[in-house]
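No value in this document is a laboratory result; all are computed from the given coordinates. What you are looking at is a predicted structure, and each value in this text was computed from that prediction instead of being measured. All Cβ positions, even for glycine, are placed from backbone atoms using ideal geometry, and neighbour counts span all protein chains on display.
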Amino acid sequence: CPAPSALRMANGTRICAQLYADDSPYYDACCAGPVLVVDPNSDVPYMPHGWAARVSSLVVGTRCELTVWSRPGKKGKSRSFTA
């Protein structure tokens, strides 16, 4: 997985988090497959099409916090992740 401080787009723009779809019991194979990029200050109450219940691993950038909910529309239980 990339280091939290290394989360940047190719043009150098900071990324707040990256969510990965592929799952593996081995740490070095966790951050693989399709990637969902979360920009700083994003507020997304619903997962994009095809991503619901698909995220298997994530990396949160430095100075960012990612909060997720168990139900669509920011309902249910929540959990926050930081670097």
Please report the base-10 log of the normalised intensity I(q)/I(0) for the chain, using a Debye sum with one equal scatterer per alpha carbon and no solvent, at each q in 0.11, 0.26 (1/Å).
-> -0.29, -1.44
HN-Hα J couplings of the stretch 37-52 from phi, Karplus 6.51/-1.76/1.60, θ = phi - 60°, integer Hz, Gly and Pro as x?
-> 8, 10, 7, x, 6, 6, 9, 10, x, 10, 5, x, 3, x, 9, 4
The chain - Cys residues lacking any other Cys C-beta under 4.7 Å = C30
Between the modelled labels at A21 and R63 (7 Å from Cα along Cα→Cβ) the distance in nm is 3.2 nm
Using θ = phi - 60° and Karplus 6.51 cos²θ - 1.76 cosθ + 1.60, couplings along the stretch 15-23 (whole Hz; Gly, Pro as x) = 10, 7, 7, 10, 10, 10, 8, 7, 10
Between F81 and T13, take the C-beta separation as r, use R0 = 25 Å, and let me know the FRET efficiency to the nearest 0.05.
-> 0.75
